[in-house]
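Structure, as structure tokens:
The values are calculated or read from the model by the stated rules, or taken from the named source; none is laboratory data. Every value quoted in this text rests on a predicted model; they were computed, and no experiment measured them. Heads up, the Cβs are rebuilt from the backbone with ideal geometry, glycines too, and the neighbour counts pull from every protein chain shown.
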Amino acid sequence: MDEADFKTLLATLPVSWWEADDGSGPVESGGGAFADERAVRRFLEALRADLGGPSARFDDGPYQARFEGRTFDVNWWAPGEGERRRRSRGVAVEVGGAPAGTGAYTSFADLSPAALFVRDPAGRYVWANHAYAHLYGTTRDRLIGRHLTEFDGPEDAARFLALDDEVLTGGHSVRHTLVYRRTDGSPGHAAGYRFPVTWGALRCVAGIYVDVSEYTHALDQRRRAEEDLRALRDHSGLPCVRLSADGVVGEASTAAAELLRVRLRDLLGSPADALLAETPERAALHAIWDDLTGGRRRSAQSTAVLVDGDRRRRRVWVHLSVVSRARGRDLGVWAVVTRPGLSHEPQLALTAAQVRILALLAAGYTNAGIAEALRLSRQTVDYHLARLRRLLGAATRPALVARAYVLGILAPHSWPPRSTTAAHPLSTA
């Protein structure tokens, strides 16, 4: 470890090191015991005064010294003859705060990332660590010995003093959260304990707190996001439902209830499978669902055939998004319905030839072309087309193709056109 690494290590410890000129002014200093050079200068001046003034000579120590309520073990020596003979060097290790016997605690607590303080019954700070002083944008040296009203507004100070009085009167610890004013004027949030302690001859109040401002801000953002999501669910007009990991409807928009022609309260708590028709898309949705709830996918989209309260069917596009586990809630999936088709009664099963005729018609074949492709007579093709117009309620060829897609006979987003039940593009089933 070189000198730079060593100095970096000392910067986090309750240690002060220095090189001072003949007048006790620090030429160079470091360590984590003091927050700034002015505190180091005051410390060296106090040490020289304790040792007999400016003409004092230093031995190799160590000796104990008191400074502003803190106790240090000090080694201070002169480097000897040579170019820097008029300079001296020293190291001080903090071993205690104001009361006797608390050095081990304060040395440890001063390095804690939690904010700690001790106040007397009047509200004056007798000890605090760096993390606590940082909450107020100041240093520990400037905090100790001063009243809390110098750092908090009148209302906050009155509230904190009342809490101190509650702790001292009751003689027990209090766990709570509090809001304080940050140095930039924004509200800060802290959570922790306040408890009675004996500090020297005084009965004081000690506190240990963790700043939870960012955590509180994140919770507030989550709450607002959930409120926005509920507003979007209720007022966007989109049919959407929130499904639990086992596929049960936990939340739903009024638009979803209207689409399914059921009452909203009847939709809540119903299994999603009960809303799906027995089609090939249902099996595909089950496979997608396993990927979503198993953590292999975060979102997906697919077609589905819904069955409404009147037992009519409607082909829709469904967008599925996983909702991460939140406090008090399990993993879920939001399902948003888009591009709903026409509601229709289940059609009588078409023959394989009729499905192939519709697929070729959608591909742009003429009647003669269809007859040639299927090896049927022209009259047979004309007969099937006339029957399909009656079955599907379509008067023209374009209308017949459109109805075939809307009713789910032909698969959307597929070319060449084919049946939704076809396992292969050339299959008729």
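Taking helices (runs of 4 or more DSSP H) that do not extend beyond region 2-112, which have at least 2 residues that are under 39 Å from the mean Cα position of the chain (by Cα), modelled with pLDDT under 75 and under 28 Å from Gly137 (Cβ atoms)? Walk me through how you get there before you give the answer.
Details: elements: 3-10, 37-50, 103-109.
Filter on region 2-112 gives 103-109.
Could you go through region 173-182 and let me know if any residue there is β-branched (Val, Ile, Thr) and surrounded by 13 or more Cβ atoms within 10 Å (Cβ to Cβ).
Initially, region 173-182 is screened for residues β-branched (Val, Ile, Thr), giving 174, 177, 179.
Among the residues that remain, those that are also surrounded by 13 or more Cβ atoms within 10 Å (Cβ to Cβ) are: 174.
Yes, because at least one residue in region 173-182 is β-branched (Val, Ile, Thr) and surrounded by 13 or more Cβ atoms within 10 Å (Cβ to Cβ).
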Inspect all residues belonging to region 308-325 and state whether any of them is more than 22 Å from Ile409 (Cα to Cα) and part of a helix (DSSP H, G or I).
no
Condition test on Ala411, is it crowded, with 16+ Cβ neighbours inside 10 Å and either in contact with a Leu (Cβ under 7 Å, 6 or more places away or on another chain) or among the polar types (S, T, N, Q) (or both)?
no
